[in-house]
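The values are calculated or read from the model by the stated rules, or taken from the named source; none is laboratory data. Note that the coordinates shown come from a computational prediction; the quantities given were computed from them, not determined experimentally. Using ideal geometry, Cβ is built from the backbone for each residue, glycine included, and neighbour counts are taken over all protein chains shown.
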Amino acid sequence: MAEQPLRLSVEPARVRVDLEPVGRRAQVPAGSTVLAAAHSVGVELASTCGGRGTCGCCRIRIVDGAVTPLTENERQRLTAAELDAGERLACQTVLAADARIEIPSSSLTTTQRLQLEGHEIEVALDPAVVRVEVELAPPTIHDLRADATRLLDELEPDHPTIGLPVLAELSPRLRELLWSAAVAVHRPANEIVAVQPAGTLPLGLAVDVGTTKLAAYVVDLETGETLARGGVLNPQIATGEDVLSRIASANTDPGEHRSLQQAVVEAVTHLAENLCDEIGACLEELVDVVVVGNTAMHHLFAGLPVRQLGEAPYVAATSAALDIPATDVGLFVATGARLYSPPLIAGYVGADHVAMLLASGVAETDATVLALDIGTNTEISLACGGRLWSCSTASGPAFEGAHISNGMRAAPGAIERVHFRDGRFLVQTVGDRPPVGLCGSGILDAVAEGVRAGIIDPRGALSKSHPLVVPHNGRPACLLVPAADAGHHRDIFLTRSDVGEIQLAKGAIHAGIEVLLAAAGIDVGELEEVVVAGAFGTYLDVRSAIRIGLLPELPEEHVRQVGNAAGAGARQLLLSRERRARAVELARSANYLELTTHPEFADHFVAGMGF
């Protein structure tokens, strides 16, 4: 009998696909479509035609990576401008190598949960911009005063100035309004910023530019009421999840820096436009703007240089408050509207942290309070004895779901709560959807429950003797959700590497806290309150955070979760000139500690990694 040839089974090459800004990563066989890759990890791309390329719903953009050429279906359904911008259809785009894909929110059937609410203290209304109603006598042969003079005479004794943009449209505007108008005056600058129809309410726009998310609020400047609020993901994520990646990208060439700036300003403009539509207003009615963000986001939004933020000693281009025409950054609202951003404390303690301290009341307290805004970069402040100490630590993107084997952001299907009971893990997901991955609060819970159950030892290693710890990709991993219960029909694991990411994050935060306590000359037992801000801080389980050492070991009732207090602080800055003055005092008086050169940081960091 003739010898049969030996046939070897060859596994098809697999490629990695990063799906941004949803924060999911897929490992799929080369030759898979982007649509299939997205669906394999629970990212619900719209595709009403079933992937045949006829509906045009699954639009994406290739950031980098090798994919197949355009198909005829794509040429028919995408405009020339869309094709020039790099748009493709996910169902028609086949992956040949590792790739990074940007998915616009319009292509998703569900959206990520964004934190918009935040605790805030009440402030007395004293906005920077006020409305003055005027009734002007039209010019006659006996009254030949210039239009601007006529208006300014009516506004005596303040006699504000009129900038060229407002002046350029003043004459036709007054005639269109039949000489009856609502004049918006920016009081610190003593400048007319808009001439609007009589009775028009002065509206303000407050924006929190986060590394991951943008939150915006439209506020009635006369009543203080927030009329509309909304959030979107920061489109800069397509360039990099963390600020250092974006700084590096901006430094490659001036065009990339401009692209990052334009992307976030355009996203804020679209968000503001949608919020105005909700209340029957228009962008031109926004007469004042406040923007807060960490130092890198602040600089990128304003178009300031960021190279020095990525190089020691990591200094800001400016730490002073910004008060500039909104058009200087490409934000077109009321003609002469100004943009205000509070001062920064340091290179990595930004305007958003100052806004959070204002809104949460930490800036005013006589108590001993620790305040944290936990994220990729965690800002920490300690108020004690009427003084303030601040620092910043690179806690990494684990709390956004990044660098976690089954990590994702807080979209439907993300595990946000984990509890171990009767020998198994019970999970709760965003939107009560079948689980497809872990968001930040879920990762924290999974580690804390693993420690409690003895699955994770004090060093962070997984106990191989536990029945839920099984081999996965050649290494032990803890099974959280079996494939039969998962939305994508694959096991969801917690790996040793995942635990390590949490250890690194909590070690960095622990070290920052210890350095601040030592600077103030107190120990942890003297803390009267811990304030936790930000989206992750809103949804974390305080017990889990204390159990693993992310937060100091205090009674749970001493921990106050304040949500998006940075956004709340931005609204305060819209409504109160006193808050703007207080922000300047706060930033000037804060004692900033640079952790990268602190002699005790490394020891505290190592000590903080254990459980």
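Surrounded by fewer than 24 Cβ atoms within 10 Å (Cβ to Cβ), under 19 Å from the mean Cα position of the chain (by Cα) and either at negative phi or in the same structural domain as LEU573 (by TED's automatic domain parsing) (or both): which single residue out of THR376, THR327 fits that description?
None of the others qualify; the one that does is THR376.
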Return the pairs, sorted by first residue and then second, in which the second residue is of a type outside the set (A, V, I, L, M, F, W, C) and assigned to a helix (DSSP H, G or I), the first residue lies in region 493-504 and is at positive phi and surrounded by 22 or more Cβ atoms within 10 Å (Cβ to Cβ), the beta carbons are less than 8 Å apart, and the residues are 6+ apart or on different chains. none
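Kindly provide the set of residues from region 149-173 that are assigned to a loop (DSSP other than H, G, I, E, B) and touching a Leu at 6+ places or on another chain (Cβ under 8 Å), ordered by number. Spell out the reasoning first.
Taking region 149-173 as the starting set, the residues that turn out to be assigned to a loop (DSSP other than H, G, I, E, B) are 155-160, 163.
If the condition is that a residue be assigned to a loop (DSSP other than H, G, I, E, B) and touching a Leu at 6+ places or on another chain (Cβ under 8 Å), then HIS159, PRO160 are the ones that fit.
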When you look at THR335, is it under 17 Å from ALA583 (Cβ atoms) and over 24 Å from the mean Cα position of the chain (by Cα), yes or no? no
Go through (1) touching a Pro at 6+ places or on another chain (Cβ under 9 Å); (2) at positive phi one by one and return the number of the condition GLY549 breaks. (1)
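Taking the options LEU286, LEU344, name whichever one is closer than 19 Å to ALA206 by Cα and more than 19 Å from the chain's Cα centre (by Cα). It would help to see each step written out before you state the result.
Numbers: LEU344 fails: more than 19 Å from the chain's Cα centre (by Cα).
None of the other options fit; the residue is LEU286.
Return yes when VAL207 is at pLDDT 95 or above, touching a Ser or Thr at 6+ places or on another chain (Cβ under 6 Å) and not hydroxyl-bearing (Ser, Thr, Tyr) and no when it is not.
On the way: at pLDDT 95 or above: yes; touching a Ser or Thr at 6+ places or on another chain (Cβ under 6 Å): no; not hydroxyl-bearing (Ser, Thr, Tyr): yes.
No, not satisfied.
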Answer residue from region 59-87, given it is farther than 21 Å from GLU266 by Cα and in a strand (DSSP E or B) and is modelled with the lowest pLDDT among those: ASP64
Name the residue that is farthest from ASP18 (Cα to Cα), counting only residues in region 201-215 that are buried (at least 20 other Cβ atoms within 10 Å of the Cβ) and over 11 Å from the mean Cα position of the chain (by Cα). PRO202
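Looking at the structure I just gave you, is VAL195 within 30 Å of MET356 (Cα to Cα), of a type outside the set (Gly, Ala, Ser) and outside any helix (DSSP H, G or I)?
No: the conditions fail for VAL195.
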